[in-house]
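Beneath this line is the structure, given in structure tokens, with notes to follow.
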Amino acid sequence: MTTVNRRTRWLFALLGLLLLGALVAVPSARAFESRGGDTVTIGPDEVIQDDLYVGAGEFTLEGTIEGDLVVFGGTLRINGTVEGDLIAAGQSVIVNGSVGDDARIAGYALVIQGSISDDLVAAGFSLEADDASSMGGDVVYAGYQALLASEVGGELNVSGGAVRIAGTIEGDARVDVGGTERGETVPPFYNYVPSLPSVPSVPAGLTLTEEAQIGGDLTYTANFRADVPDDAVAGQTDFNRYVPEREEEREPSPVALVARWLFRQLRRLVTLLVVGVLLMWILPNWMRNLADNVEERPLPSVGWGVVAIAAFAVFMVLLVLTSIALTLLFGAVTLGGLAGLFATLGGVVTTAAGLTFGLIWRYVTTIIIALLLGQMIFGALDSRAEANRWWPMLLGVVIIVIVTAVPILGWLVKLAIVLFGLGAIWIWGLRLLRGERTGPTTAEV
């Protein structure tokens, strides 16, 4: 497989997932229903005749959606029927029921145990499609691992690090497992984040079981050859050894450049949507309070934003100097154990402080301004969506991603967002120290 072909498949996957982000964020012109909350359930006897838009911490569909379903949140279970398209983004997306058209899903753990009548485009850490599932069209997946025991009526295009095929592929199968080494493993993130769902373990590289059946050709790129059973592939098997980008002498193709740009924008959009959903789910009132700070005191917010950056720089310098001083002090009095302890503790605290400020700098400030921007737009339109927990943030995120993608202008907008956002947090902190009312989330924080 050539580099251009690999990148072309990535482009198709990115285009599909970019559409997912756009559809989640931009309301459709046709009729639809919307629901939201910590837990949303569509009962088994409930039939929704329009498109349905949902934002929830936990969502379960037991009934029937006669249109499209657009849902985002934490744990999303599709046990019923979606007669149109399914567009879902969450921590985990589980499809136990049936989807009458295409499915576009993204999340950490993706599980397919039902049927998808047409194409599946997915991205995440893990995709698991068991032997009871079926996809009538093509399957395009980008992520770390995939366990595919299902029936695929079209072609399979997978880019990841660990892919196991144990089902039936009617068309061609194209798999790119990159530069993973034999025996290499990547620990699931739930080892470090207990709230994440568990996922199966898939060996690195490409694995085909005795049950695997590919009706067309198999083309795969890897660091080592896969063990392909004799009767598993009806067509030809083409192995391409992985060549890192730095070893390629040719210039990137236009398709590759477009794919890289799309990937950067898509990654930023999805990341901000996930962070925004989490913040508006866990701390909605605090986020609204910060957005109000910017709206009520825009110029002081900018000034305090500059102060916040300077204060953090001074804090980090003092933190490093204190850690060094304590390490040298205890080392000088031959308390080596305490010296090592303070050196380690200082490094951990410094790293944690830098990571926390970086997350606030890159993501929290953006969500604050996105929420404010969305509220202002819906307010100007006299729309009830202004008071909604989700729509102002989603609309603001999409606008910010589009604007910040413009050269030069994007850099200036990002700087303004950081200053306004940090300033809003600083003002909130000052009010909290003075004992002033800072909104309903004082206890939460």
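Go over the candidates V255, V270 one by one and state the one that is within 30 Å of L206 (Cα to Cα), at pLDDT below 75 and out of contact with any His (no Cβ under 9 Å at 6 or more places or on another chain). Working first, answer last.
Numbers: V270 fails: at pLDDT below 75.
Exactly one residue qualifies, and that residue is V255.
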Residue check: is D118 part of a loop (DSSP other than H, G, I, E, B), in contact with a Ser or Thr (Cβ under 7 Å, 6 or more places away or on another chain), assigned by TED's automatic domain parsing to the domain that holds I214 and not β-branched (V, I, T)?
no
Looking across segment 204-218 at residues that are surrounded by fewer than 20 Cβ atoms within 10 Å (Cβ to Cβ) and either part of a strand (DSSP E or B) or touching a Ser or Thr at 6+ places or on another chain (Cβ under 7 Å) (or both), the single one that is modelled with the lowest pLDDT is T207
Of the listed residues (I116, I112, I94, I105), the one being crowded, with 24+ Cβ neighbours inside 10 Å and under 17 Å from the mean Cα position of the chain (by Cα) is I105
Consider only pairs whose beta carbons are under 6 Å apart and that are at least six residues apart or on different chains; among these, list those whose first residue lies in segment 76-89 and is in contact (Cβ under 8 Å) with a residue 12 or more places away in the chain and whose second residue is small (G, A, S) and part of a strand (DSSP E or B).
L76/A88; L76/G90; T81/S98; L86/A103; A89/A106
Consider F378 carefully, then state whether it is outside the structural domain of A56 (by TED's automatic domain parsing) and either touching a Ser or Thr at 6+ places or on another chain (Cβ under 9 Å) or among the basic types (K, R) (or both).
no
Of L359, L345, the only residue that is assigned by TED's automatic domain parsing to the domain that holds A311, under 26 Å from the mean Cα position of the chain (by Cα) and surrounded by fewer than 19 Cβ atoms within 10 Å (Cβ to Cβ) is L359
Evaluation of W411 against (1) under 23 Å from R267 (Cα atoms); (2) of a type outside the set (K, R); (3) buried (at least 16 other Cβ atoms within 10 Å of the Cβ) (one fails), failing number:
(3)
Out of segment 130-159, which residues are buried (at least 23 other Cβ atoms within 10 Å of the Cβ) and assigned to a loop (DSSP other than H, G, I, E, B)?
S150
Residue satisfying all of: in segment 69-93; in contact with a Pro (Cβ under 9 Å, 6 or more places away or on another chain) and farther than 18 Å from V47 by Cβ; modelled with the lowest pLDDT among these:
Q91
Quick one: would you say V270 is in contact (Cβ under 8 Å) with a residue 60 or more places away in the chain, within 18 Å of V397 (Cβ to Cβ) and surrounded by 13 or more Cβ atoms within 10 Å (Cβ to Cβ)?
yes
Filtering segment 220-236 for residues that are under 30 Å from the mean Cα position of the chain (by Cα) and either loosely packed, with under 14 Cβ neighbours inside 10 Å or outside any loop (DSSP other than H, G, I, E, B) (or both) leaves a count of 3
Quick count over segment 384-422, residues being closer than 23 Å to A89 by Cα, hydrophobic (A, V, I, L, M, F, W, C) and in a loop (DSSP other than H, G, I, E, B), is 2
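Would it be correct to say that T39 is at pLDDT below 50 and hydroxyl-bearing (S, T, Y)?
Answer is no for this residue.
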Going by the structure shown, is R288 in contact with a Leu (Cβ under 8 Å, 6 or more places away or on another chain), charged (D, E, K, R), in contact (Cβ under 8 Å) with a residue 60 or more places away in the chain and within 22 Å of G379 (Cα to Cα)?
yes
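The values are calculated or read from the model by the stated rules, or taken from the named source; none is laboratory data. Keep in mind the model is a prediction, meaning the values are calculated, not measured. Neighbour counts run over all protein chains shown; Cβ positions are idealised from the backbone, glycine included.
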